Amino acid sequence: MDNVSLVTMFFLSGLNETKNHRFTVFSLTLLYYCLILLANMSLIVIIILDKNLHEPMYILLCTFCMNGLYGTAGFYPKFLWDLLSPVHVISYSGCLVQALVMYSFACSDLSILAVMAYDRYVAICRPLEYHSVMSRQRLMMLVCFSWITPVYIMAVSVFLTSRLKLCSPYIAKLLCTNVSILKLACFPADIAVNNVVAYITITIYVLHGVFIVWSYMYLIKTCVNSRENRAKFMQTCVPHLISLLTFVLTVLFDVMNTRFGSKDLPQTLQNFVAIEFLLIPPIMNPLIYGFKLTKIRNRLLAVITFKVK
């Protein structure tokens, strides 16, 4: 039974410094989570109900917002509960599930951004072939790829982590991640397979990033000499680039903090860096697309002013 963890419950110590302000933090967090729900669900409902928005670009945006709801649902309800609880604990299985949700959410975001980049590449560089290339069948296949592949890859990674024997139940974070659980493994631990899977996963999603960069470089090169293409690029591609930049920066800060962060940093700062990918992109993405994309902006204004057709 050496490969079976004796830990049945984890204690999250990331909230220790907020005990004196927990009701204030709870109120602000609840308000912020409600804004995330409102912003993302508004775009999802508008895209679903408006047949004029049943185009690949908007369907992918709908998928993007759904993924934002999926990721935040894995963190905010538990975090809000912890803010009102005297003891911050999570079950062993609950911790593994949360780790799976967090990683699959982040990887799905990058996959969806890659599909969006491909969609814009076809729309601007191969406009005559757009509807045949981005057919409904291919679009559904790409959407499924963006969701199912990250979940499968992360499930394998989390399963490998679940086989390790753990020697401590204390996680110095607000949430569970695969890395935070691995750090609790008894020494010496056989994590060679975990490392191989981690490197393969990193390679896969680095290639996603390379593809996105190549796509936009090609798009910029194509749009430079055409006023019409420049306008189309500014209208539909700039929001994608802002989303990509936001995603890369938030994830990069989290990775750098996880790998090289100092324990001497204030706990509040460590908490912010650890969850900023759950704070910034889920609210920024729907706002960017809602204001930048003309069709969605007009539809939102129509709904707000009760001019629903």
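The values are calculated or read from the model by the stated rules, or taken from the named source; none is laboratory data. For clarity, every value in this text was computed on a predicted model and none was experimentally measured. When we count neighbours, we look across all protein chains shown, and the Cβ atoms used for this are built from the backbone with ideal geometry, even at glycine. To get the accessible areas, we keep the full protein, side chains included, count just its heavy atoms, and leave off ligands, DNA and RNA. Shrake-Rupley method; radii C 1.70, N 1.55, O 1.52, S 1.80 Å.
Summary table below
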quantity: Residues (part of a loop (DSSP other than H, G, I, E, B) and in contact with a helix residue (DSSP H, G or I) (Cβ under 8 Å, 6 or more places away or on another chain)) located in the stretch 173-188; calculated: K173, L174, L175, C176, T177
quantity: Hey, V97 modelled with pLDDT under 90, of a type outside the set (S, T, N, Q), open to solvent by 20 Å² or more (accessible area, probe 1.4 Å) and closer than 29 Å to A155 by Cα or not; calculated: no
quantity: Residue in the stretch 55-63 that is open to solvent by less than 70 Å² (accessible area, probe 1.4 Å), at pLDDT 90 or above and farther than 30 Å from Y130 by Cβ present; calculated: no
quantity: Residue list for the stretch 70-84, filter: over 17 Å from L113 (Cβ atoms) and part of a helix (DSSP H, G or I); calculated: T72, A73, Y76, P77, K78, F79, L80, W81, D82, L83
quantity: Subset of the stretch 161-176 [under 16 Å from G94 (Cα atoms) and surrounded by fewer than 19 Cβ atoms within 10 Å (Cβ to Cβ)]; calculated: S162, R163, P169, Y170
quantity: Verdict on V87 being at pLDDT 90 or above, among the β-branched types (V, I, T) and open to solvent by 20 Å² or more (accessible area, probe 1.4 Å); calculated: no
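One line per residue, one yes/no per condition, for (1) at pLDDT 90 or above; (2) aliphatic (A, V, I, L, M); (3) open to solvent by 30 Å² or more (accessible area, probe 1.4 Å); (4) closer than 23 Å to L244 by Cα:
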site: F105; (1), (2), (3), (4): yes, no, no, yes
site: L110; (1), (2), (3), (4): yes, yes, no, yes
site: V115; (1), (2), (3), (4): yes, yes, no, yes
site: I124; (1), (2), (3), (4): no, yes, no, yes
site: L128; (1), (2), (3), (4): no, yes, yes, no
site: H131; (1), (2), (3), (4): no, no, yes, no
site: M140; (1), (2), (3), (4): yes, yes, yes, yes
site: V151; (1), (2), (3), (4): yes, yes, yes, yes
site: S157; (1), (2), (3), (4): yes, no, no, no
